[in-house]
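Visitor: This is the structure I want to talk about, given as C-alpha cells.
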Amino acid sequence: MIFSMRIIRSSEIGTFLFCQRAWWYQQRGEPSENQAELASGTQLHEQHSQAVVAAGCLRSLAIGLILAALALLAYALTTQIL
C-alpha cells in the first residue's frame, strides 16, 4: 500500500493549536478575513529578519576589529614600538 506523505509545517501546527476552525478553512483554501493583520505581521517579520541580518554583520565586523586590534598589539609588543 502506498501512502502519500504530506509535509506539515510548524506554522500549520500553530494555526491548528490556535484555532482548529481556522486550520480547517486554510486546508480548504478559504481566504482569511484578516488580510490587513496578516500583511502587517508579514511586514513586521521582514523588518525583524533584516535587523537580525544587520546584527550578525555588525557582530562579524566587531570580531574582525577586535582581532585586528589584537594583531596590532602583538606586533607592537614584539617590535618594541610602544
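The values are calculated or read from the model by the stated rules, or taken from the named source; none is laboratory data. Keep in mind the model is a prediction, meaning the values are calculated, not measured. In this analysis, Cβ positions are derived from the backbone assuming ideal geometry, glycine residues included, and neighbour counts consider all displayed protein chains. Side chains are part of the model used for accessible areas, which takes the heavy atoms of the whole protein and leaves out ligands, DNA and RNA. Shrake-Rupley method; radii C 1.70, N 1.55, O 1.52, S 1.80 Å.
Visitor: Residue by residue through region 32-51, note down the ones that are more than 30 Å from GLN20 (Cα to Cα) and open to solvent by 80 Å² or more (accessible area, probe 1.4 Å).
Guide: GLN50
Visitor: Could you give every pair whose Cβ atoms fall below 8 Å, whose first residue belongs to region 35-59 and is free of Cβ contacts under 8 Å to residues at least 60 places away in the same chain, and whose second residue is hydroxyl-bearing (Ser, Thr, Tyr) and surrounded by 10 or more Cβ atoms within 10 Å (Cβ to Cβ), counting only separations of at least 6 or pairs across chains?
Guide: Close Cβ pairs (under 8 Å, with a partner that is hydroxyl-bearing (Ser, Thr, Tyr) and surrounded by 10 or more Cβ atoms within 10 Å (Cβ to Cβ)) amount to LEU38/SER32.
Visitor: Would you be able to say whether some residue in region 11-29 is open to solvent by less than 100 Å² (accessible area, probe 1.4 Å), in contact with a helix residue (DSSP H, G or I) (Cβ under 7 Å, 6 or more places away or on another chain) and among the aliphatic types (A, V, I, L, M)?
Guide: yes
Visitor: Residues in region 1-45 that are in a loop (DSSP other than H, G, I, E, B), under 22 Å from the mean Cα position of the chain (by Cα) and polar (S, T, N, Q): how many?
Guide: Within region 1-45, residues that are in a loop (DSSP other than H, G, I, E, B), under 22 Å from the mean Cα position of the chain (by Cα) and polar (S, T, N, Q) number 0.
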